[in-house]
Each structure stands twice: as structure tokens, then as C-alpha cells.
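Student: Sharing a structure here in C-alpha cells format.
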Amino acid sequence: MSPTVLQHPLALHVLTHLRDKSTKPALFRTLSYQISLLLALEATRDLATVAKPVETPLETITGHVLAKPLAIVPILRAGLGMVQPFLDTFPDVSVGYVGLERDHTTAVARSYYCKLPPLEEKRVLVIDPMLATGGSAAQALGVVKAAGATEVCFVCIVAAPEGIAVVQAAHPDVPIFAGALDRSLNAKKYILPGLGDFGDRLYGT
Ligand code: PRP
Ligand code: URA
């Protein structure tokens with residue numbers, strides 16, 4: 001399954017400012033909100049609905065409401081920059097957390113936190129802005145599946161081909177949604193052209 005990449009012109013506009021090294025954390029957080037909202041809508045385009053009668057001021061019609069609750073699982077810490085638009089947009093969304101941190105030398109992710117709501121009956125979106133080697137995403141997807149999630153997708157802002165290949169190999173059933181598909185990784189496993197360290201830019205560290 002090929003990744004779905006945002007096509008909206010606003011995504012290109014927002015990404016350009018996110019990539020700009022002169023963008024300061026306050027604007028970086030606003031831009032993260034904006035592109036995450038576009039991604040939230042794209043990644044939920046196929047959500048099931050059920051019929052529900054509704055009385056308008058003039059007549060009764062058959063409306064439709066969301067059939068299944070949603071859960072999002074941001075990968076700490078940078079994934080927190082994508083949470084708010086999901087909370088603002090979707091009713092009854094549950095939030096779980098998986099804490100992973102890449103080692104600066106090996107780029108291998110170490111788990112340091114995990115707190116998940118019941119996931120069995122929910123559409124689960126694992127969210128993390130950067131899909132680089134794919135190690136963090138593959139690990140987090142394994143964690144939510146082990147906790148009972150059966151309908152899972154992965155949502156990121158920038159993806160590298162290397163990361164996509166790793167996630168697709170480990171989790172062929174998981175659709176990937178990305179704001180942009182970048183060229184490759186550098187020797188330190190950062191995405192090129194990328195936008196640098198997302199967590200550091202989000203929180204000014
Ligand atoms: C970043 C990013 C992903 C991970 C991607 O987090 O937010 O979680 O790297 O890299 P990978 O695909 O090679 O695993 P980082 O480990 O820097 O931690 P942070 O969110 O605390 O900044
Ligand atoms: N994590 C980031 O924040 N940026 C990258 O380019 C790779 C991993």
C-alpha cells in the first residue's frame with residue numbers, strides 16, 4: 001500500500017514555513033497545528049458512519065454520525081505537537097502515549113513511557129511528525145497492536161523513503177499518511193531536506 005501524501009496547496013505552504021530554519025517555536029507550533037489538521041482530515045476520510053434521524057427546524061431527515069470512536073497515540077515528545085487538532089475536531093477521542101527517544105549515536109529508539117486507553121473497538125491513529133529510519137514508528141505500532149488495536153494507521157508530517165520501507169515491512173496492514181515524502185536520510189539519520197529536529201524546534205530546546 002503506497003503512502004498517502006497531502007496534495008492540498010496549504011500543505012505545501014505550511015511545510016515551507018516549517019522547514020525554514022528561521023521559523024521560531026511559537027510559529028512552528030501554529031504551523032504544526034495547521035498541517036496536523038489537514039492530516040487528521042485526510043487520515044479519517046474513510047471513517048464509517050451510521051444513520052441517525054435528526055429533526056431540522058423544518059422536517060425530519062436521516063443524518064449520519066461517526067460509527068466508531070477514535071484513539072490517537074502520539075509518540076512523545078514531538079508527537080504532542082500534532083495532538084490538539086485531533087482533540088478540537090473529533091468527539092470522544094481518547095489519547096494514549098508512547099514515549100520513545102532515539103539514541104543520538106545509534107538512532108535506535110528507546111522506550112521510556114507507555115500509557116494506553118482500551119484500543120480494541122477504536123480506530124487508532126499513531127502520530128509522530130518525523131518518520132526517519134522507521135524504528136520509532138514500527139516499535140509504537142507494535143505496542144498498540146499488542147494492546148489490542150486492530151484498525152491502525154500511522155500519521156506523520158515528513159517521511160523518508162527508508163522509514164516508509166521499514167514500517168511497510170513490519171506492518172503491511174498499516175496505512176501511512178504523510179504531509180511530505182522527502183528524499184533520504186543523512187549519515188546521522190536525519191531526514192533530507194527535512195526540517196531538522198522537530199521536538200527541539202517545537203519546544204525551543
Ligand atoms: C524523533 C521523531 C520520531 C523519531 C523518528 O523523535 O519525533 O519519534 O525521532 O526517527 P526514527 O524514524 O529514526 O525512529 P526523537 O527520538 O528525536 O525524540 P523527541 O520526540 O523527544 O524529540
Ligand atoms: N527526528 C527528527 O526530529 N528529525 C529528523 O530528521 C529525524 C528524526
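The values are calculated or read from the model by the stated rules, or taken from the named source; none is laboratory data. Worth saying up front: this structure is predicted, and the values here are computed from it rather than measured. Note: ideal-geometry Cβ built from the backbone for every residue, glycine included; neighbour counts use all protein chains shown. The area values use the complete protein model at the heavy-atom level, side chains included, leaving out ligands, DNA and RNA. Shrake-Rupley method; radii C 1.70, N 1.55, O 1.52, S 1.80 Å.
Student: Which numbered condition in (1) over 30 Å from residue 188 (Cα atoms); (2) under 20 Å from the mean Cα position of the chain (by Cα); (3) open to solvent by less than 20 Å² (accessible area, probe 1.4 Å) is the only one that residue 15 fails?
Tutor: (1)
Student: A follow-up question, please. Which of the residues belonging to region 151-200 are more than 9 Å from ligand 1 (Cβ to nearest atom), open to solvent by 50 Å² or more (accessible area, probe 1.4 Å) and among the hydrophobic types (A, V, I, L, M, F, W, C)?
Tutor: Of everything in region 151-200, those that are more than 9 Å from ligand 1 (Cβ to nearest atom), open to solvent by 50 Å² or more (accessible area, probe 1.4 Å) and among the hydrophobic types (A, V, I, L, M, F, W, C) turn out to be 165, 169, 170, 181, 187, 192.
Student: Also, quick follow-up: Scanning for something within 12 Å of ligand 2 (Cβ to nearest atom), open to solvent by 10 Å² or more (accessible area, probe 1.4 Å) and not in a helix (DSSP H, G or I), does region 72-92 turn up at least one residue?
Tutor: Yes: one or more hits.
Student: Just name the residue that is surrounded by the fewest Cβ atoms within 10 Å (Cβ to Cβ) out of those in region 121-150 that are more than 8 Å from ligand 1 (Cβ to nearest atom) and within 19 Å of residue 38 (Cβ to Cβ).
Tutor: 123
Student: So which of 46, 103 ends up being exposed (fewer than 14 other Cβ atoms within 10 Å of the Cβ), under 20 Å from residue 176 (Cβ atoms) and without any contact (Cβ under 8 Å) to a residue 12 or more places away in the chain?
Tutor: The match here is 46.
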